[in-house]
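Data block below; observations after.
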Amino acid sequence: MTQYLFVFTILALTYVFGHCSLGDSFPSYRNCVVECSQKRCDKDGVRYKRSCCLVVLEVFKWKCSENCKYDCMWPMVEGLVERDWPVPQFHGKWPFKRLLGLQEPASVAFSLLNLITNLVMFNRFKEQIRFTLPSCNIWSLYTLVSANCWFWSAVFHGRDTMFTELMDYISAYAMVLFAFYTIGHRILLYSNQIVKNTFMVICSLAFIYHSLYLLTTEYDYKYNMTTNLLVGAVTGTAMLIWAVLNRRRMGHGKYLIFYVLGMTLASLLELADFPPLLWTFDAHSLWHLATAPNAYFMYKFAIEDCKHQRRMLLK
């Protein structure tokens, strides 16, 4: 009976406070934040009245008011766990234990793992592909775009601000769209230059439009996610069709199939949503972990495909 009453209370508070997450709608939490801010913070809520926080928090520019929210959140979480009640989100995020000032340390670590994996595989690409082909430049750009994406992913998960969030979303779309451009470039490899240039212009305009939309409008999470999923789905479908149609002449297309399957399975984690394990590992961070090995298949395809193109030119 108590649990049902608790759920009813949560729903009522959510209705009253509108756009709030469940956790930050609790009066006890709100009162704690107000008292903490009055006691610790200057009127602007940015600085402390007196030095009382770790240096590492200063490095990441955590505001006094934000630290109050963090400090008031955990007594609430502990109380809910003791009563075996569900832990809600606070301010749109699950509770995460900071590590050295990092907001979501697991996502930071796994984003850097993706970055390192891409750089290591590209180094292997350069070691094996020592000749010049148009596709070589494409894969160099693909690595640059991917590295930029995972860098901003690490920055954003380390410290969530409006700027780092925007850079993360724009960089992520750039990587998704460039993967589409990369497979499109391969499909159109032997087409005339006008067709290839037209395709490049279309992709460039799509990136510019999406970026300007995010920059000039109130952030629309549904639009951004839908756009990325749509482009990703089209890219994966194109990869699978190309690999199947060319399976006899170019057996290395199997690496694209492995890549698509791996990314699809990893994406299933994004459908899950649960409080972080050990207040560190949530579904999104595990998705970052699951995507890292797939770089092997993408670059393995790149290596074998460039070798195949070289053999065709030498015939």
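The values are calculated or read from the model by the stated rules, or taken from the named source; none is laboratory data. The structure displayed is predicted, hence computed values, not measured ones. Cβ sites come from the backbone with ideal geometry, for glycine too, and all protein chains shown count toward neighbours. Side chains are part of the model used for accessible areas, which takes the heavy atoms of the whole protein and leaves out ligands, DNA and RNA. Shrake-Rupley method; radii C 1.70, N 1.55, O 1.52, S 1.80 Å.
Condition check: part of a helix (DSSP H, G or I) and either hydroxyl-bearing (S, T, Y) or farther than 30 Å from K69 by Cβ (or both). Does N114 satisfy that?
Details: part of a helix (DSSP H, G or I): yes; either hydroxyl-bearing (S, T, Y) or farther than 30 Å from K69 by Cβ (or both): no.
No; evaluated as a whole, the condition is false for this residue.
Does the stretch 267-286 hold any residues that are more than 15 Å from V176 (Cα to Cα) and either assigned to a helix (DSSP H, G or I) or in contact with a strand residue (DSSP E or B) (Cβ under 6 Å, 6 or more places away or on another chain) (or both), and which are they? Step through it out loud before you land on a result.
Applying the first criterion (more than 15 Å from V176 (Cα to Cα)) to the stretch 267-286 yields 268-286.
Answer for the stretch 267-286, where residues must be more than 15 Å from V176 (Cα to Cα) and either assigned to a helix (DSSP H, G or I) or in contact with a strand residue (DSSP E or B) (Cβ under 6 Å, 6 or more places away or on another chain) (or both): L268, L269, E270, L271, A283, H284, S285, L286.
Restricting to the stretch 130-139, count the residues that are open to solvent by 50 Å² or more (accessible area, probe 1.4 Å) and in a helix (DSSP H, G or I).
2
Is it the case that some residue within the stretch 240-247 is in contact with a Cys (Cβ under 9 Å, 6 or more places away or on another chain) and open to solvent by less than 50 Å² (accessible area, probe 1.4 Å)?
Looking through the stretch 240-247, none of the residues is in contact with a Cys (Cβ under 9 Å, 6 or more places away or on another chain) and open to solvent by less than 50 Å² (accessible area, probe 1.4 Å).
Determine which member of the set L256, L289 is assigned to a helix (DSSP H, G or I), touching a strand residue (DSSP E or B) at 6+ places or on another chain (Cβ under 9 Å) and not basic (K, R). Show your work before the answer.
Values: L256 fails: touching a strand residue (DSSP E or B) at 6+ places or on another chain (Cβ under 9 Å).
Just a single option satisfies the conditions, and that option is L289.
For residues that are of a type in the set (F, W, Y) and free of Cβ contacts under 8 Å to residues at least 12 places away in the same chain, scanning just the stretch 195-218, find the one that is nearest to L141 (Cα to Cα).
Checking each candidate, the answer is Y209.
Got a number for residues in the stretch 262-303 being open to solvent by 50 Å² or more (accessible area, probe 1.4 Å), acidic (D, E) and within 14 Å of the chain's Cα centre (by Cα)?
Number satisfying all stated conditions: 1.
Table: residues versus (1) at pLDDT below 60; (2) exposed (fewer than 12 other Cβ atoms within 10 Å of the Cβ); (3) of a type in the set (D, E, K, R).
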| site | (1), (2), (3) |
| --- | --- |
| F6 | yes, no, no |
| Y15 | yes, yes, no |
| G23 | no, no, no |
| S28 | no, yes, no |
| S37 | no, no, no |
| C41 | no, no, no |
| R47 | no, no, yes |
| C53 | no, no, no |
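Could you check how many residues of the stretch 179-210 are under 15 Å from L230 (Cα atoms) and open to solvent by 40 Å² or more (accessible area, probe 1.4 Å)?
So in the stretch 179-210, the residues under 15 Å from L230 (Cα atoms) come out as 179-181, 203, 206-207, 210.
When the remaining residues are screened for being open to solvent by 40 Å² or more (accessible area, probe 1.4 Å), the result is 180, 207.
Total satisfying the criteria: 2.
In the stretch 55-73, which residues are surrounded by fewer than 13 Cβ atoms within 10 Å (Cβ to Cβ) and either at pLDDT 80 or above or part of a loop (DSSP other than H, G, I, E, B) (or both)? Before the answer, list the steps.
So in the stretch 55-73, the residues surrounded by fewer than 13 Cβ atoms within 10 Å (Cβ to Cβ) come out as 55, 58-59, 61.
The one that is surrounded by fewer than 13 Cβ atoms within 10 Å (Cβ to Cβ) and either at pLDDT 80 or above or part of a loop (DSSP other than H, G, I, E, B) (or both): K61.
If I go through the stretch 110-129 residue by residue, how many of them are more than 18 Å from F301 (Cβ to Cβ) and surrounded by fewer than 20 Cβ atoms within 10 Å (Cβ to Cβ)?
As a first pass, look at the stretch 110-129 and keep what is more than 18 Å from F301 (Cβ to Cβ): 110-113, 115-116.
Narrowing the set further to residues that are surrounded by fewer than 20 Cβ atoms within 10 Å (Cβ to Cβ) leaves 112-113, 116.
Final tally of qualifying residues: 3.
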